[in-house]
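Please read the structure below before turning to the comments.
Only the coordinates and a few stated rules stand behind these numbers; no lab work does. What you see is a predicted model; the values in this text were computed from it and never measured. Here Cβ is always computed from backbone atoms with ideal geometry, including for glycine, and neighbour counts include all displayed protein chains.
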Amino acid sequence: LMLIARATLVSALARTESRGAHSREDYPQRDDDQWLRHTLYFREQDQLDYKPVKLKPLTVETFQPKERTY
């Protein structure tokens, strides 16, 4: 549990914006130009890296339910 708390703390301190449940009084605005990305925490080096958020919509095909046969 302490490892998760550490990752959350380091990530939250680095994020200089407010978004969703992450709210900072010193950075009250959302900043998509800088922070529309995933934060990755690496415990061994106690460092962060980032991965872009892909906003490509997915197409999901629907299907009619049918009786299961085994």
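Mean-square fluctuations from a GNM of the chain, with a 10 angstrom spring cutoff on Cα atoms, peak among 40, 55, 13 at 55. Among the trypsin sites (Lys or Arg not before Pro) found in the chain, those both in a DSSP coil and sparsely packed, with 15 or fewer other Cβ atoms within 10 Å of their Cβ, are 24, 30, 43, 54, 66, 68. Entry note, the chain: the mean residue ellipticity at 222 nm calculated from DSSP H runs of n ≥ 4, each adding -39500 (n - 2.57), is -6500 deg cm²/dmol after division by the residues and rounding to the nearest 500. Principal-axis analysis of the Cα atoms of the chain puts helix 2-14 at an angle of about 70° to the longest axis.
Available extension along the chain between residue 16 and residue 32 is 4.7 nm, counting 0.36 nm per residue and deducting the alpha carbon span. Over the chain, the hull volume per residue, using the convex hull of the C-alpha atoms, is 208 Å³. Once Lys and Arg get +1 and Asp and Glu get -1 on their Cβ, which of 27, 70, 42 lies farthest toward the positive end of the dipole of the range 11-70? Value: 70.
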